[in-house]
Amino acid sequence: MPLAFRFRESPEDFIVEELAAGQPPADPAGTHLWFTVEKRGVSTPEAARRIAQALGRDGGAVSFAGRKDAKAITRQTMCVEHVTSDALLAVDLERIRIEDPVRCRTRLRVGQHAGNRFHLRLTGLEGPEARDRLAEQLEALAEDGVPNAYGQQRFGPAGDSWRVGQALVKGTPLEYLESVVADGPPGTREAGEELLRRIRQGSGSERRRALELAAGLAPDLRSVARILARRRPKDPQELVRAVPRRARAFHLAMLQARIFNRVLDARRAARSESTVLVGDVVLAADGRHRVVLEGDPPEAREGLAPTGPLWAATGLHAAGEPGRIELAALREEGLEPEDLRAPGGLRPRGARRPLVVPLSDLEVEAFVDGAVWIRFSLPVGSFATVVLAAIG
């Protein structure tokens with residue numbers, strides 16, 4: 001029988017601790033304040049926005065290295081510039097706690113962490129025997145590696161937020177803005193629909209008063225209302241570029257993630273996700289990606305792992321059979337590489353992501369009161385829910 005269990009029945013059952021990659025040295029003359037945030041049941045972008053708002057800053061003023069689960073208790077580093085430690089520590093927000101501010105010279109950037117440590121409570125296991133089966137399967141994953149798929153939470157509550165990225169790449173400007181409205185937080189749809197109406201057919205007076213909608217709009221659309229009110233642009237692409245760059249990049253990233261998952265599914269179906277094939281792009285010992293060639297000696301592939309694409313028009317692309325699989329996955333979305341040259345004013349460079357990643361520092365505790373705590377670490381960008389999905 002498949003191994004049955006439940007998880008994340010409350011945020012306290014799903015704890016995520018960001019693993020630091022090395023904070024820059026403290027410097028009293030630095031203008032950037034790095035700090036630790038513990039949040040409960042709040043997404044990372046929402047926590048950053050609330051902190052910025054409490055400090056009287058715009059929504060993008062607080063930076064972070066990675067997005068953490070919303071339905072969880074998470075600890076991670078964030079950063080803000082030109083704020084005193086006293087002002088930061090005075091911020092009092094529900095379900096968000098700020099600690100340990102340190103002044104540094106540099107800003108915290110996306111991806112600037114080593115990975116995440118997960119502490120998960122699993123319930124519904126039928127006794128110690130099920131716990132032992134769970135431990136065996138996790139140990140096998142620790143030995144063989146975990147398929148590095150993007151978890152469902154990357155694609156929003158309904159699992160289809162990638163459609164916003166599709167609209168950014170292939171849709172008209174209005175189709176993209178419509179998708180942003182539809183994908184917005186609960187309670188923002190009415191104001192978003194009114195903003196769209198004013199963009200399409202509003203009078204000059206209605207457009208000039210677009211800022212009156214700002215309080216009810218999703219954060220990513222407030223700057224659109226501002227541009228509409230101030231400039232009333234005739235080129236709708238100007239309104240697309242008014243969506244914060246970080247938001248547009250994430251919309252594109254969701255589409256790239258969907259295509260990556262297609263590539264991984266195809267490689268798993270061929271049982272080659274862990275096998276380096278001729279034409280694969282691998283991360284070499286010197287830290288650079290390279291394409292595996294027909295004439296490479298077998299030992300040149302030892303210790304290397306295949307990667308999949310975060311598609312863009314530029315960047316290093318696989319060749320041979322791996323390249324065919326990757327291009328087929330892109331075309332299944334109705335796209336060609338050239339479509340990803342400059343979507344929505346972005347200039348994506350493309351990147352590579354391992355098809356399989358290590359699961360490290362595994363701990364499986366005893367079966368107590370109908371539950372088992374498990375702990376493990378994953379590299380940057382990998383999902384604990386994918387690990388749990390691999391157990392069965």
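Readers should treat all values here as calculations from the given coordinates under stated rules, not as data from a laboratory. These figures come from a predicted structure and were not determined experimentally. All Cβ positions, even for glycine, are placed from backbone atoms using ideal geometry, and neighbour counts span all protein chains on display.
Computed values, structure above
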read-out: Modelled FRET efficiency - R0 35 Å, Arg197 with Arg107, Cβ distances, 0.05 increments; value: 0.35
read-out: Residue order, fewest to most beta carbons within 10 Å, for Ile391, Ile98; value: Ile391, Ile98
read-out: Calculated FRET efficiency for the pair Leu89/Leu211, C-beta based, R₀ 35 Å, to 0.05; value: 0.60
read-out: Partners for Lys170 among lysines (Cα-Cα distance below 24 Å; same-chain residues under 8 apart left out); value: Lys234
read-out: Gained length - Ala4 relative to Glu321, 0.36 nm times residue gap less alpha-carbon distance; value: 110.4 nm
read-out: Eligible aspartates and glutamates near Lys39 by straight Cα distance, threshold 16 Å, same-chain separation 8 or greater; value: Glu12, Asp13, Glu17, Glu18, Asp69, Asp92, Glu94, Glu99, Asp100
read-out: Helix axis angle, 128-144 relative to the chain longest principal axis, alpha carbon, degrees; value: 80 degrees
read-out: The chain: angle of helix 245-269 to the longest principal axis, Cα-based, in degrees nearest 10; value: 30 degrees
read-out: Summed side-chain charge close to Leu264 - residues other than Leu264 whose Cβ falls under 10 Å, Lys, Arg +1, Asp, Glu -1; value: +2
read-out: Cα-based helix-to-principal-axis angle, 173-182 vs the chain, degrees rounded to 10; value: 70 degrees
read-out: The chain, helix-only ellipticity at 222 nm - DSSP H runs n ≥ 4, -39,500 (n - 2.57), divided by all residues, nearest 500; value: -10000 deg cm²/dmol
read-out: Sites Asp144 and Val368, calculated FRET efficiency, Cβ-Cβ separation with R0 30 Å, nearest 0.05; value: 0.60
read-out: Neighbour net charge for Trp373 - beta-carbon separation under 10 angstrom, K R +1, D E -1; value: -1
read-out: Spin-label model distance (nm) - Glu238 vs Ala328, 7 Å beyond Cα toward Cβ; value: 4.6 nm
read-out: When the chain is reduced to its Cα atoms, the Kirkwood hydrodynamic radius in Å; value: 23.1 Å
read-out: When the convex hull of its Cα atoms is projected in every direction, mean area for region 136-186 (nm²); value: 5.1 nm²
read-out: Kirkwood hydrodynamic radius (C-alpha pairs) into Stokes-Einstein, region 22-111, 10 °C and 1.306 mPa s, D in µm²/s; value: 123 µm²/s
read-out: Segment Leu304-Arg290, length gained on full extension (0.36 nm per residue, minus Cα span); value: 4.0 nm
